[in-house]
Amino acid sequence: MTTQTTPNSLANLFETYSLNDTITLNNRFLMAPLTRCMADADLVPTYDMVAYYARRAEAGLIITEATIIRPDAQGYPNTPGIFTQAQIAGWRKVTDAVHANGGKIFVQLWHTGRVAHPHFFGGGDVLAASAQKIEGSVPRMRELTYVTPKPATLEDIQGLVRDYAKAAENAIEAGFDGVEIHGANGYLIDTFLHHDSNRRTDEYGGTPANMSRFALEVVDAVVARIGKDRTGLRISPGAYFNMAADSRDREVFDYFLPELESRDIAFVHIGIFDDSMEFDYLGGRASSYVRAHYGKTLVGVGSYSAETASEAIAANKFDLIAIGRPFIANPDYVARVRDGVELVPYSDEMLASLV
Ligand code: FNR
Ligand code: 8K6
């Protein structure tokens, strides 16, 4: 292991950053949301999860693994929830430990939409924008093939909006500094924003304003409940996961992003695994496209190293960098980068345990 001082070229990553008047981050690193499937049978965070997050408190902001807002939101085993008192109490231990170590933490609020499976919630409907199913089965549970979702009725939509707001309220009760609404990666909110999954002909489909309506209603309801300073949003304008690309999606996001900008939320975060991916209909990278259409705080992500992130921030491509897999492999990622200590390389086998 070699030790040296932080290269000057990385110094911008260690500058503080004010999201708004109420939240200032100690550095430019976010820990990306990372599903680990390690909550207990009641979807309550465990002591191992408390220790896992506490070890990573040097990140300017931790975004937790995606956390379901209600039972029918679940699509993977042992993903934590934030809708019971036991879950809120479990998360309180996590937030207390992160705060004791000087960190900040937002919870990622999740409904998997058409990626949900009734196996996890005792049967019943899988809700999505339209009855367009995805192929395949739940990872590691191959007998559970995905089902055709039920298009959410207007009543279902009102209930969902209410439940996102309630989950945000629960998050504040659990001691979180804020929430990141999961509007990315092909899950519920994203199914409204893309033509592949939204075939509706009512006021939630067919036009950019209609297709943006559900996402904006969720944002507005969460903002009304906990405040814009404590509300972030993750989006995937480029379809890449459980979603087929459609060039008409561009108009949806052309409409959606300025609407979002007027809400003045804490940040927008790209949902992507590799930001070098280019999307024809976005004219390049998802992050460049969002930067051009959204003038407020942007979080970049997707196969960045500290070096490439530092360069991208210096070139004003985004303001903050989220780090995912390297943070699984290196609980002390931020200290290693700061001190010039070599990183442990990530491998998929590391997902088997929480370190
Ligand atoms: C993820 N990612 C992810 N994204 C999200 O919005 N919510 C989540 O719960 C998860 N879960 C998750 C689990 C695992 C094991 C991986 C590898 C990824 C995506 C993640 O936040 C990030 O966008 C990517 O990992 C790309 O960043 P890195 O890993 O290249 O720094
Ligand atoms: C038991 C299941 C654990 C679920 C983890 C959910 C996180 C998703 C990680 C899956 C990787 C998907 C990669 C898609 C990348 C496409 C890039 C072109």
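Look at the range 36-57 and say how many of its residues are within 16 Å of ligand 1 (Cβ to nearest atom) and either closer than 22 Å to residue 234 by Cα or at pLDDT below 95 (or both).
4
Do you know which residues across the range 269-297 are within 16 Å of ligand 1 (Cβ to nearest atom), of a type outside the set (Val, Ile, Thr) and either under 18 Å from the mean Cα position of the chain (by Cα) or within 21 Å of residue 231 (Cα to Cα) (or both)?
269, 271, 273, 274, 275, 286, 287
For the range 285-299, what are the residues that are away from ligand 2 (no atom under 16 Å from the Cβ) and outside any helix (DSSP H, G or I)?
Across the range 285-299, the qualifying residues are 294, 295, 296, 297, 298, 299.
Regarding the range 68-85, can at least one residue be identified that is at pLDDT 95 or above, within 12 Å of ligand 1 (Cβ to nearest atom) and surrounded by fewer than 24 Cβ atoms within 10 Å (Cβ to Cβ)?
Checked the range 68-85: at least one residue is at pLDDT 95 or above, within 12 Å of ligand 1 (Cβ to nearest atom) and surrounded by fewer than 24 Cβ atoms within 10 Å (Cβ to Cβ).
Taking the residues in the range 117-149 that are touching a Lys or Arg at 6+ places or on another chain (Cβ under 7 Å) and assigned to a strand (DSSP E or B) as candidates, determine which candidate is nearest to residue 197 (Cα to Cα).
It comes out as 128.
Name every residue in the range 100-115 that is under 13 Å from residue 183 (Cα atoms) and polar (S, T, N, Q), in order of residue number.
Scanning the range 100-115 gives 108, 112.
Among 339, 280, 319, which is more than 16 Å from ligand 2 (Cβ to nearest atom) and either at pLDDT below 95 or over 25 Å from residue 65 (Cα atoms) (or both)?
Going through 339, 280, 319 in turn, just one is more than 16 Å from ligand 2 (Cβ to nearest atom) and either at pLDDT below 95 or over 25 Å from residue 65 (Cα atoms) (or both): 339.
Can we say residue 214 is crowded, with 23+ Cβ neighbours inside 10 Å, within 16 Å of ligand 1 (Cβ to nearest atom) and of a type in the set (Phe, Trp, Tyr)?
When the stated conditions are applied, residue 214 does not pass them.
Restricting attention to the range 324-331, does a residue exist that is under 28 Å from residue 54 (Cβ atoms) and either at pLDDT below 95 or away from ligand 2 (no atom under 16 Å from the Cβ) (or both)?
Checking the range 324-331: at least one residue is under 28 Å from residue 54 (Cβ atoms) and either at pLDDT below 95 or away from ligand 2 (no atom under 16 Å from the Cβ) (or both).
All but one of (1) under 19 Å from residue 184 (Cβ atoms); (2) within 16 Å of ligand 1 (Cβ to nearest atom); (3) surrounded by 15 or more Cβ atoms within 10 Å (Cβ to Cβ); (4) not small (Gly, Ala, Ser) hold for residue 127; state the number of the condition that does not hold.
(2)
Considering only the range 146-156, I want to know if a residue exists there that is surrounded by 13 or more Cβ atoms within 10 Å (Cβ to Cβ), within 16 Å of ligand 1 (Cβ to nearest atom) and of a type outside the set (D, E, K, R).
No, every residue in the range 146-156 fails to be surrounded by 13 or more Cβ atoms within 10 Å (Cβ to Cβ), within 16 Å of ligand 1 (Cβ to nearest atom) and of a type outside the set (D, E, K, R).
Step by step: first the residues of the range 303-316, then only those that are in a helix (DSSP H, G or I) and over 21 Å from the mean Cα position of the chain (by Cα), then the one that is farthest from ligand 2 (Cβ to nearest atom). Which residue is that?
The extreme case among them is 314.
Could you list, ordered by first residue, the pairs with Cβ atoms under 7 Å in which the first is in the range 341-355 and under 12 Å from residue 327 (Cα atoms) and the second is among the polar types (S, T, N, Q) and part of a loop (DSSP other than H, G, I, E, B), at least 6 apart or interchain?
343/330; 344/330
The values are calculated or read from the model by the stated rules, or taken from the named source; none is laboratory data. Quick caveat, the model's predicted, so the values are computed rather than measured. We place every Cβ from the backbone using ideal geometry, glycine too, and count neighbours over all the protein chains shown.
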